[in-house]
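Working notes, structure below.
The values are calculated or read from the model by the stated rules, or taken from the named source; none is laboratory data. Every value quoted in this text rests on a predicted model; they were computed, and no experiment measured them. Ideal geometry is used to build each Cβ from the backbone, glycine not excepted, and the neighbour counts take in all protein chains shown.
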Amino acid sequence: MLVRDIAQTDPITVTPEASLASILHLLNRKGVRHLLVVQYGRLVGIISDRDVKSVLALSSGLEGLDHYRTADQIMTRDPITIAPTAPVEEAARLMLSARISGLPAMQDSRLIGLVTETDVLPTLSDVLRTVEPTRRPA
């Protein structure tokens with residue numbers, strides 16, 4: 001199975017100017033853990049819920065929240081990406097080795113989608129189940 005078969009094809013995006021408050025709102029309202037940061041149609045970064053939690057921890061929660069922070073200030077720049085034609089196993093390997101939970105799928109310089117551990121795990125689980133059931137001692 002390929003990344004394009006499991007990738008979310010309509011990931012939620014923000015601009016680098018998006019405020020931290022709007023980022024929090026999107027993450028909570030949409031129930032997602034990743035936002036892609038796009039400027040002029042080009043992927044420039046990714047924001048995970050971990051990035052937001054780090055900012056909140058540094059500012060002592062919502063009360064101390066610096067409302068002037070923007071996506072540009074908290075995003076991971078030049079995120080690791082994967083081709084939509086890559087095998088799902090490669091996406092899993094990349095996420096494990098880089099200790100990340102989401103990969104933008106890119107074709108040339110065009111954003112195709114987003115693949116997350118939530119997309120990858122069920123696929124790998126299905127593959128493992130069809131190969132051979134786990135045997136446990138009696």
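Candidates in segment 6-39 are the residues that are among the small types (Gly, Ala, Ser) and crowded, with 18+ Cβ neighbours inside 10 Å; of these, the one that is nearest to Leu103 (Cα to Cα) is Ala7. The set of residues from segment 75-91 being surrounded by fewer than 18 Cβ atoms within 10 Å (Cβ to Cβ) and among the small types (Gly, Ala, Ser) comprises just one member, Ala83. Cβ-Cβ contacts under 6 Å between residues 6 or more apart (or on different chains), taken from a first residue in segment 43-54 that is within 19 Å of Asp10 (Cβ to Cβ) and touching a residue at least 12 places away in the same chain (Cβ under 8 Å) to a second residue that is surrounded by fewer than 17 Cβ atoms within 10 Å (Cβ to Cβ) and hydroxyl-bearing (Ser, Thr, Tyr), are listed as Gly45/Thr76; Ile46/Thr76.
Scan segment 95-105 for residues that are surrounded by fewer than 18 Cβ atoms within 10 Å (Cβ to Cβ) and on the phi < 0 side of the Ramachandran plot and jot them down.
Leu96, Ser97, Ala98, Ser101, listed by residue number.
When you scan segment 34-41, do you find a residue that is out of contact with any Ser or Thr (no Cβ under 9 Å at 6 or more places or on another chain) and of a type in the set (Phe, Trp, Tyr), even just one? Yes, segment 34-41 contains a residue that is out of contact with any Ser or Thr (no Cβ under 9 Å at 6 or more places or on another chain) and of a type in the set (Phe, Trp, Tyr). So, in segment 7-35, of the ones that are within 11 Å of the chain's Cα centre (by Cα) and among the aliphatic types (A, V, I, L, M), which residue ends up nearest to Ala86 (Cα to Cα)? Of everything passing the filter in segment 7-35, Ala7 is nearest to Ala86 (Cα to Cα).
Assessment of segment 45-54 against the conditions (modelled with pLDDT of 95 or more and exposed (fewer than 11 other Cβ atoms within 10 Å of the Cβ)) yields no matching residue. Pro104: assigned to a strand (DSSP E or B) and closer than 19 Å to Leu27 by Cβ, yes or no? Spelling it out, Pro104 is indeed assigned to a strand (DSSP E or B) and closer than 19 Å to Leu27 by Cβ. Scan segment 80-99 for residues that are free of Cβ contacts under 8 Å to residues at least 40 places away in the same chain and part of a loop (DSSP other than H, G, I, E, B) and the total you get is 3. The condition (being of a type in the set (Val, Ile, Thr) and part of a helix (DSSP H, G or I)) is satisfied by just one residue among Ile46, Ile23: Ile23. Listed conditions (1) in a helix (DSSP H, G or I); (2) under 15 Å from the mean Cα position of the chain (by Cα) are all met by Asp72, apart from (2).
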